[in-house]
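Okay, structure first, notes after.
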Amino acid sequence: MANLCLNTKMNKAVFLDRDGIINIERKDYVKTIKEFILIDRILDVIKIINSKGYLVIIITNQSAINRKIITENNLREIHNHFLKLAKNKNAKVDGIYFCPHMPSENCECRKPKPGMILKAAKEFQIDLKKSIMFGDSNTDVKAANHAGCTGILVNKSDSIKNIIEKYLK
């Protein structure tokens, strides 16, 4: 009996943390569209990622939902606003995954656990060995490593554009 080889093409992805990478982080949470201020030139960075053939997936802890600071609907409005801004600049974001849980809830999706990355990998047929997570926290790097992809810590003084160009081939 012959073996059938299914040639399933796996995608490569860049996972980006939201607060501190996509938008300016607020200590009291981003609660409204008005408070959602993009990091300078981040849409240009996303376009560079797109041009290198990577999917762009946002991975974000949003415990403000379960803390009753914002609703899931508020968060969706903020994310839809961001997606519209990206689309207007021809920057494609393929997905946004968020965890609404507080650290004390010990869920499988909250970073540093890899749940959101693994879910995205399954839904988008992502080859995690060829994928990278960029974040501004050790929890981002740990989530990436737990999922089997490379995690890169972005310091506040670093240019995300320079870092992306260094790591994406």
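When the chain is fully extended, how far beyond the present Cα-Cα distance does ASP40 get from LEU153, taking 0.36 nm per residue of separation? Write down the numbers at each step before the final one.
On the way: separation 113, 0.36 × 113 = 40.68 nm, distance 1.82 nm.
Extending this stretch completely gives an extra 38.9 nm.
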Practice task
Run the numbers on the chain and let me know its relative contact order in percent, using alpha-carbon pairs under 8 Å that are six or more apart.
Solution key: 26 percent
Completion exercise
In degrees rounded to 10, the 0-90 angle between helix 42-51 Cα long axis and the longest Cα principal axis of the chain is 10 degrees
Handout entry: DSSP bridge orientation in the chain - percent antiparallel, rounded to nearest 5
Key = 5 percent
Practice task
Give, in nm to one decimal, the length gained when the segment between ASN80 and HIS146 is fully stretched (0.36 nm per residue of separation minus the Cα-Cα distance).
Solution key: 20.9 nm
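Using only C-alpha atoms and all pairs of different ones, pull out the Kirkwood radius for the chain in Å with one decimal. Display every interim value, and only then the final one.
Values: mean 1/r = 0.0610 Å⁻¹.
Taking every pair of different Cα atoms in the chain, averaging 1/r and inverting gives 16.4 Å.
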Problem - With Cα atoms, 0 to 90° folded angle of helix 72-88 axis to the chain main axis - result: 70 degrees
Handout entry: Long pairs among LYS27/LYS161; LYS31/LYS89; LYS52/LYS130; LYS68/LYS113; LYS52/LYS89; LYS27/LYS113, criterion Cα-Cα beyond 20 Å
Key = LYS27/LYS161; LYS31/LYS89; LYS68/LYS113; LYS27/LYS113
Exercise for the section: Tell me the trypsin sites (Lys or Arg not before Pro) within the stretch 40-105 that lie in a loop according to DSSP and have at most 15 other beta-carbon atoms within 10 Å. Expected result: ARG41, LYS52, ARG67, LYS68, LYS89, LYS92
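We did not get these values from a lab; they are worked out from the coordinates using the rules stated. Everything numeric here is computed off the predicted structure, so don't read it as measured data. Cβ: placed from backbone, ideal geometry, glycine included. Neighbour counts: every protein chain shown.
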